[in-house]
1. Answer yes or no: is there a residue in segment 196-206 that is away from ligand 2 (no atom under 14 Å from the Cβ), closer than 22 Å to L15 by Cβ, of a type outside the set (D, E) and modelled with pLDDT of 95 or more.
2. Is it true that some residue in segment 25-33 is surrounded by fewer than 16 Cβ atoms within 10 Å (Cβ to Cβ) and under 22 Å from T124 (Cβ atoms)?
3. I'd like to verify a number: residues in segment 279-305 that are away from ligand 1 (no atom under 14 Å from the Cβ) and either touching an Asp or Glu at 6+ places or on another chain (Cβ under 7 Å) or free of Cβ contacts under 8 Å to residues at least 24 places away in the same chain (or both), how many?
4. Take E143 and decide whether it is open to solvent by 20 Å² or more (accessible area, probe 1.4 Å) and in contact (Cβ under 8 Å) with a residue 12 or more places away in the chain.
5. Looking at segment 148-167 only, could you name the residues that are at negative phi, open to solvent by less than 40 Å² (accessible area, probe 1.4 Å) and not in a helix (DSSP H, G or I)?
6. Counting only residues that are within 11 Å of ligand 1 (Cβ to nearest atom) and open to solvent by 20 Å² or more (accessible area, probe 1.4 Å), which one in segment 1-16 is nearest to G297 (Cα to Cα)?
7. Quick test of your reading of the structure: A170 fulfils all but one of (1) touching a strand residue (DSSP E or B) at 6+ places or on another chain (Cβ under 6 Å); (2) open to solvent by 20 Å² or more (accessible area, probe 1.4 Å); (3) not basic (K, R). Name the failing condition by number.
8. With respect to the numbered conditions (1) open to solvent by 40 Å² or more (accessible area, probe 1.4 Å); (2) in contact (Cβ under 8 Å) with a residue 12 or more places away in the chain, which one is the sole condition not fulfilled by R217?
Amino acid sequence: MSVLALAGGVGGAKLAEGLAAILPPGELTVAVNTGDDFEHLGLRISPDIDTVLYTLSGLNNQAQGWGLEGETWNFMAALERLGGETWFRLGDRDMATHIERTRRLKSETLSEITADFARRLGITHTIIPVSDDPAPTMVATDEGLLAFQDYFVRLQCRPRVERLEFPRIADARMSPGLAAALSAPDLDLIVICPSNPFLSILPILSLPGMREALTNRRAPAIAVSPIIGGKAVKGPAAKIMTELGMDVSPVGVAEFYGALIDGFVIDDADSGLADAIEGPKFLVTNTLMLNAEDRRGLARDVVTFAREFALK
Ligand code: GDP
Ligand code: CA
């Protein structure tokens, strides 16, 4: 079975890890948001790609939710002593990823580097950026237009979001791997992971040709709700939905994806809302991924659910 998963960082990586565990090597392509990518201390940082790489290779720090297990912070402490910028935390081991990526970007694409990092970390599935062209997310807020990491890390999502902007998206192309996966005749399933719909999935949907490709999909598309019981499991998804005047529930998320999806997966905690979801077929199951078994279980549920949709 050939599966394309669209993912952001932590929430996306959890389901991607489950899919990677249940699918035979090579059957999964994870296309990862690059709207959060930025340059910092002269280095190119790709936070969501790194979260997916570290999670699928088992190197991630599970408790913290980002970065590497067993990380040390000597670089950060030394930088602070010199009066350098410390609002964005970079661990000692993590630095190797950013330095090596930055060096290789002089002669290689982000796609090539990401695929090679994945292989070297022992990942047997394909991980690619959604685009090789920088198209950073900007957050329009009550405190002005903010670069994504200023909003997310420096201001810790405190400003009220008015809308998301992608000023460079018109010139960005889908990565070759994403374009190929979407048009592959043997694609069986598209999964929109339970990532933040606005910060992680909207930048992907905004790439030229992406909505058209999904609208004309031949394989079914299934999304998993990142909202459980009126709350985000982590991060500002619920806060942003409130600020945008949306219904903070899986119903709001389903409406946001609209006709781009055939199936929508919601948590047992929200079973009462299933009838309120118009459009997609829904599946009610456990979507809270607290451990590896939960991740595999949800991945299996999504794959089984996909069989309900006849190929178009
Ligand atoms: P980020 O880029 O690291 O912020 O990560 P994502 O955008 O991929 O994921 C953030 C979203 O994942 C949040 O909206 C969370 O509610 C959601 N999320 C995190 N863990 C889980 C989980 O175990 N189950 C579900 N359904 N959603 C989750
Ligand atoms: Ca992210």
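The values are calculated or read from the model by the stated rules, or taken from the named source; none is laboratory data. Computed from a prediction, not measured in an experiment: that's the story for all the values here. For neighbour counting, all protein chains shown are included, and Cβ atoms are generated from backbone atoms with ideal geometry for every residue, glycine included. These accessible areas exclude ligands, DNA and RNA; they are computed on the full protein's heavy atoms, side chains included. Shrake-Rupley method; radii C 1.70, N 1.55, O 1.52, S 1.80 Å.
1. The first filter runs over segment 196-206 and keeps only residues away from ligand 2 (no atom under 14 Å from the Cβ), leaving 205-206.
Remaining after also requiring closer than 22 Å to L15 by Cβ: 205-206.
Checking the rest, the ones that are also of a type outside the set (D, E) come to 205-206.
Of the ones still in play, those that are also modelled with pLDDT of 95 or more are 205-206.
For segment 196-206, residues away from ligand 2 (no atom under 14 Å from the Cβ), closer than 22 Å to L15 by Cβ, of a type outside the set (D, E) and modelled with pLDDT of 95 or more: present.
2. Within segment 25-33, the subset surrounded by fewer than 16 Cβ atoms within 10 Å (Cβ to Cβ) is 25-26.
Within this subset, residues satisfying the condition of being under 22 Å from T124 (Cβ atoms) are 25-26.
Yes: one or more hits.
3. Here is the first cut: in segment 279-305, the residues away from ligand 1 (no atom under 14 Å from the Cβ) are 279-281, 300, 303-305.
Those still in the list that are either touching an Asp or Glu at 6+ places or on another chain (Cβ under 7 Å) or free of Cβ contacts under 8 Å to residues at least 24 places away in the same chain (or both) too: 280-281, 304.
Looking only at that region, the number is 3.
4. Working: open to solvent by 20 Å² or more (accessible area, probe 1.4 Å): yes; in contact (Cβ under 8 Å) with a residue 12 or more places away in the chain: yes.
Yes: the conditions hold for E143.
5. L155, P159, V161, L164, F166
6. K14
7. Going through the list (1) touching a strand residue (DSSP E or B) at 6+ places or on another chain (Cβ under 6 Å); (2) open to solvent by 20 Å² or more (accessible area, probe 1.4 Å); (3) not basic (K, R), A170 breaks only (1).
8. (1)
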